[in-house]
Ligand code: SAM
């Protein structure tokens, strides 16, 4: 019986080519085929490494159709490397269907870890990294973006978002409005590149800067927002009791307003908890 090949999920640089690992180079040189989000882009990377390999495109729009063909190659014993344009495949990038298909087909999947903008940004954000929550891109349309942020009001883990430069100012303003202007946050821009810059401050401060400083709205960026503060334990027992009664008859929003009046706690805190209780 032919031994199946191995699927390597290979991280590539997010800017600085020096960040490509020695093992990534070795794996890319050793596989039969490289499945790439953009074959021209990855072709240039391979060329700069002096590697000539068969490149197969695997992007958002053709991934499902491409999986059977790549699985056939793996079953025939060929090794395949999966790369995206930058960073770690599958992290807001294609590859999920291929990896899932490979696992289901009994093919060994190996990571070749390396750069990832979310993790790089977290490491320099100055915000807690012991527990974090990766949220990918916020919806581009305001109403949907605000709704998504509203659903994160009570999230206590540090929040990580990828953001497009033309939407940074709006997203920061919406985050300040929905999560509170006083929350600590950071914007990590153009990491590992010439114009790498970090902006630290409250959401209110960062929203103001993004509206005023055009440089802040250029290039690639990650937005990191501190999690919600934990409610004080004694008050939270009282709040839960009040909210549970109110939620029997009122929407989370109405219950939160009433609970804020009854307990003297901030409406925002009551609303976050009301949403949690209503969802559980
Ligand atoms: N898979 C990639 C990774 O592991 O980071 C992310 C791909 S996602 C399509 C691209 C987004 O990642 C950009 O819009 C930006 O939000 C973020 N990003 C990528 N490179 C970056 C960099 N050098 N500095 C800051 N953010 C970056």
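Between residue 212 and residue 229, the modelled labels are 2.6 nm apart [label points 7 Å from Cα along Cα→Cβ].
Computed from the C-beta positions of residue 76 and residue 280 and an R0 of 45 Å, the FRET efficiency is 0.40 to the nearest 0.05. Sorted from longest to shortest, the spans of the Cα atoms of segment 107-245 along the three principal axes equal 54, 49, 28 Å. Going by the alpha-carbon gyration tensor, a ≥ b ≥ c the square roots of its eigenvalues, is segment 236-279 rounded (a/c under 1.5) or, if a/c is not under 1.5, prolate (a/b greater than b/c) versus oblate? Note, shape of segment 236-279 comes out rounded. More than 36 angstrom separation, counting every C-alpha pair in the chain; what % is that? Value for the chain: 32 percent of Cα pairs lie more than 36 Å apart.
Packing, as the average of other Cβ atoms within 10 Å across residues, places the peptides 61-71, 116-126 in the order 116-126, 61-71, highest first.
Distance from the Cα centroid of segment 114-185 to that of segment 1-79 is 31 Å (rounded to whole angstrom).
Taking 45 Å as R0, compute the FRET efficiency from the Cβ-Cβ separation of residue 267 and residue 32 and round it to 0.05. Here the calculated transfer efficiency is 0.15.
Extending 7 Å from the Cα toward the beta-carbon at both residue 177 and residue 97 defines two label points whose distance is 3.6 nm.
Dividing the Cα radius of gyration of segment 196-260 by its Kirkwood radius returns 1.24 for Rg/Rh. With the helix formula -39500 (n - 2.57) applied to DSSP H stretches of n ≥ 4, the chain reaches a computed 222 nm mean residue ellipticity of -13000 deg cm²/dmol.
Residue ranges 206-218, 27-39 sort as 27-39, 206-218 when ordered by packing (mean number of other C-beta atoms within 10 Å per residue, highest first). Segment 205-219 and segment 253-280 have their alpha-carbon centroids 33 Å apart.
Coordinate-derived values only; no laboratory data. Quick caveat, the model's predicted, so the values are computed rather than measured. Cβ sites come from the backbone with ideal geometry, for glycine too, and all protein chains shown count toward neighbours.
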